[in-house]
Amino acid sequence: MPAPVARCPVETPRVPPRTAERFSVAPAGASVIVDTVFTLGGLLPRAPARTPSARQGTALALEGLTFAAPGAPAGSPAILEGFDAHVRAGELVVLAGPSGCGKSTLLNLVAGLLAPTTGRIRSDGRDVRGAGHDRALVFQEAALFPWLTLRQNVEFPLKVQGFSRAEREARARELLALVHLEGRDGAFPHELSGGMRQRGAIARALATDPAVLLMDEPFAALDPHTRERLQDEVERVWLATGKTIVFVTHSVDEAVRLGDRVLVLGDRPSRVVAEVIVDVERPRVRGDQRLAALAAEVAAALPRARGPLALIDSPDAPGDELGHDAPFAPAAPHNTSHEPNSASSSPRLRVGGGLGAGL
Amino acid sequence: MAAWALASSLAASALFPGPLPVAAAVVEGVRNGTLPSALALTLARLLAGYTAAMVLGIPLGLGLARIAPLREAVGPLVFGLSAVPSICWLPLAILWFGLSEWAIQLVVILGAMLPIAVATESSVRTIPPVIHRAARTMGASGARLLFEVTLPAAFPGILGGAKLGWTFALRSLMAGELLFVSGGLGQLLETGRDLGDTALVLAVVLVIVLLGRASEALLFARLDGVVTRRWGAEVLP
């Protein structure tokens, strides 16, 4: 996987220039300027490459969003009303809230599959008008095309963008390796497990190097074990690519496991009722007491009227919901994986030394 | 086969020939050339009519599923007419075109096109919405969306319609050929009836059965295999 393509910092001049990139695209005659930029770039404070959340700039701006479902009975509350949120470039933001609170609607608006009744969505400084490959969406249900092999699925968005066959193949190979599906490229989706399909969907979503990766409860239909493993996977992919990710979930544990920041949404019309900053180093360890405490904080912020119990009517185990994910259990035994890729997530075990520090 | 032989020997009637006279009639038909030429003619008609039915029926079904005004305007008509046995069109066809090739083709095309259109419509309409939403977020639109997403996604259902259409085309054609001097297998059946040659009638029926089986094996078995391999066994139409 190559370094993520830097996007033009249109409205954020504070972003330091990407020196290597300037260098590579400059015409030969401009070598003096390039040298200068190169030198200056080296002097400027730069965000460390592996901590994407430290990057500057707004990737996504939602301003005054109102959305009422067309055909809804008059007088019923809008799904969204005057909703504001900002997502920084490289940030992993989780939207958590009860089922039906409008968090999926929010993602569909950002993806451009729905149009807001009023308000404005800007992605990378540009107004969102309709769906586009710069905002990739990973769906809850299997959305891989059943008539295409895994590799053809990953290649599909590249084909739409007009990449050559050789480029498509190379990129698909890279992405399938990134999500640890190498060797399965010829398989059809029905031949893959649910977890593999979602990893394939993530690879496909990353194919065109979108500015924002939107994930709409991507693991809600998976068993808890697979789900935990895929959370590790998302964190790993995020660390490797530095993508801006907006992740929707109704699981409190999943929210604090993944998010830099958790926005807790209330009932309709939906608004942010709490913002929980998850300042826990990565890769994170399941069972970290700080995560458990933050999960309790998120759970407490959830709308009282329906309460956390309203969350339990979900496909996954009830124990996964309330943030009581065995807070004092040692970290290691939680992830006895059956797939070879789990080896990659082993470094996080050492982080367990920080247990309790945040309390 | 044994039961057939036993039953016909018990009946001991010229109206119920056993396997041997029927086999002899097939051999005789092949030897004197009537059976192969009738088969060729029928097959040519079938392919022409069926192709036309596919070419008209699939876009019609697609339009019915996707274009609301079209669905409202001609949907009830198409669904209503698809319930009409195609042979019912023959009198009208004969009034319009006389006893001609066109009359037969009208019956074949109508008979096959409507089930193809109905199957296409329902399979396109029932494509999981997430497929199109995913395609749109990947930037697919227009012809690419149609040919690389919608039609492939609906393929198992369209294949089901295509198989149904083939059977309907064959039935309509036999019915059409029975009615006048057409030179096909249907007319050969009629000849058998005129001559009181039940062995010939059964021989032609046997050929039609084999034609149905062969077309199944040659045309559709591979496509069924494609669907099973890609979608898994449970989606087979």
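Laboratory data are not the source of any read-out in this text; all were calculated from the coordinates shown. Only a predicted model underlies this, so the values are computations on that prediction, with no experimental measurement involved. As a convention, Cβ positions derive from the backbone with ideal geometry for all residues, glycine included, and neighbour counts pool all protein chains shown.
The distance linking region B:102-149 with region A:97-165 is 24 Å (Cα centroid to Cα centroid, whole angstrom). Modelled label positions at residue B:147 and residue B:16, each set 7 Å beyond Cα in the direction of Cβ, lie 5.8 nm from each other.
The GluC sites (Glu not before Pro) of region A:98-182 that DSSP puts in a loop, and whose beta carbon has at most 14 other beta carbons within 10 Å, are A:182. Assuming charge only on the beta carbon of Lys and Arg (+1) and of Asp and Glu (-1), the dipole of chain B about its Cα centre is about 880 debye to the nearest 20.
Extents of region A:53-108, largest first, come to 44, 21, 14 Å (Cα atoms, principal axes, whole angstrom). Residues whose amide H lies under 5 Å from that of residue A:138, counting only those 5 or more places away or on a different chain, are A:214, A:215, A:216; hydrogens are built 1.01 Å from N in the peptide plane. Between the amide H of residue A:265 and those of A:96, A:97, A:273, distances stay under 5 Å, these residues lying 5 or more places away or on another chain, with hydrogens modeled in the peptide plane. Size descriptor for region A:84-149, Kirkwood hydrodynamic radius: 13.7 Å (Cα pairs only, one decimal). Across region B:5-18, computed HN-Hα scalar couplings (Karplus, 6.51 cos²θ - 1.76 cosθ + 1.60, θ = phi - 60°) run 4, 5, 4, 6, 6, 5, 5, 6, 10, 5, 7, 9, x, x Hz from first to last residue, x flagging Gly and Pro. The trypsin sites (Lys or Arg not before Pro) of region A:140-177 include none that meets both criteria, a DSSP state outside H, G, I, E and B (loop) and at most 10 other C-beta atoms within 10 angstrom of the site's C-beta.
Counting Cα-Cα pairs of region A:102-222 in 5 Å increments starting at 0 gives whole-percent bin shares of 2, 12, 21, 22, 18, 13, 8, 3, 1, 0. Applying Stokes-Einstein at 20 °C and 1.002 mPa s to the Kirkwood radius of region A:178-241, computed over alpha-carbon pairs, gives a translational diffusion coefficient of 174 µm² s⁻¹. Across the alpha-carbon set of region B:21-142, the Rg to Rh ratio works out to 1.17, Rh being the Kirkwood radius.
Put simply, the C-alpha atoms of region B:138-231 give a gyration tensor, and the ellipsoid matching it has half-axes of 40, 15, 7 Å, longest first.
The aspartates and glutamates within cross-link reach of residue A:243, meaning a Cα-to-Cα straight distance under 14 Å and a gap of 8 or more places when in the same chain, are A:91, A:124, A:134, A:209, A:233, A:235, A:260. Between the amide H of residue A:58 and those of A:89, distances stay under 5 Å, these residues lying 5 or more places away or on another chain, with hydrogens modeled in the peptide plane. Semi-axes of the equivalent ellipsoid of region B:81-237: what are they in whole Å, largest first, if each equals the square root of 5 times a C-alpha gyration tensor eigenvalue? Over the Cα atoms of region B:81-237, the ellipsoid semi-axes are 39, 19, 10 Å.
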